[in-house]
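Any read-out appearing in this document is the output of simple, stated calculations on the displayed coordinates, not a laboratory observation. From a predicted model like this one, the values you see are computed outputs, not experimental measurements. Cβ coordinates were reconstructed from backbone atoms using ideal geometry, including for glycine residues, and neighbour counts include every protein chain displayed.
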Amino acid sequence: MKRDIQHVPYGYEPPVEQRKGTLVFYDSFEHITDQELEVAAKTASDRRFTKLVLYPLHEETVRRMTKEPVSAYYKREDRLHEWKREQGRSFVTVESLEGKRKKYTPLDSALRHLAEIYPSPIFLYITPEVANQFASYSSFEEWIVKIRLLLPSAPSSLHPRLLKFRHRWDVVGEERD
């Protein structure tokens, strides 16, 4: 077995990693435009995340969450891969868990999977509607202490749990005190 030997001066310390954490864009991506994807990518680079993970939802997951019709999973996933190739962003990943499962995936299972695979801390980039829906789940309080939320715009109405945990989420572009 060959070894790579590196010589460093006495007292050398490797530079501290400047980027950390993962920003997960959790959405159906049915109505998300390229401009909104750009905002998410800019947010990830501005806030110095290691990775931006695009997490498209399977049709069954969307059907159970919102009851709205969506195009086929593979079409939305292909569009995300195409956008990633066009942008040439190396830190963007398209997560394919729901494509492999081919059925409804609860948000809890998705978050467990993301927490196992990607570097922490995990930030979930979700629309205000999905944030209110997430806050209505019984497991919300268990997860909100492990992750943080980033919203692209301020919600018009807030779920009481979102109000309670206001310190755990931010609106992109809004400066906090």
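Overview of results
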{"quantity": "Convex hull of Cα atoms in the stretch 13-147, direction-averaged projection (nm²)", "calculated": "8.9 nm²"}
{"quantity": "Nitroxide proxy distance, nm - points 7 Å out along Cα→Cβ at R101 and E68", "calculated": "2.1 nm"}
{"quantity": "Protection-proxy order for peptides 150-159, 23-32, 120-129, each taking the mean of Cβ atoms within 10 Å per residue, highest first", "calculated": "23-32, 120-129, 150-159"}
{"quantity": "q = 0.11, 0.12, 0.20, 0.27 Å⁻¹: log10 I(q)/I(0) that the Debye formula gives for the stretch 98-177, counting C-alpha atoms only", "calculated": "-0.30, -0.35, -0.94, -1.46"}
{"quantity": "Full-stretch length increase - K164, E141 - with 0.36 nm per residue and alpha-carbon distance subtracted", "calculated": "7.3 nm"}
{"quantity": "Residues S153 and Q87, FRET efficiency given R0 of 22 Å [Cβ-Cβ distance, rounded to 0.05]", "calculated": "0.50"}
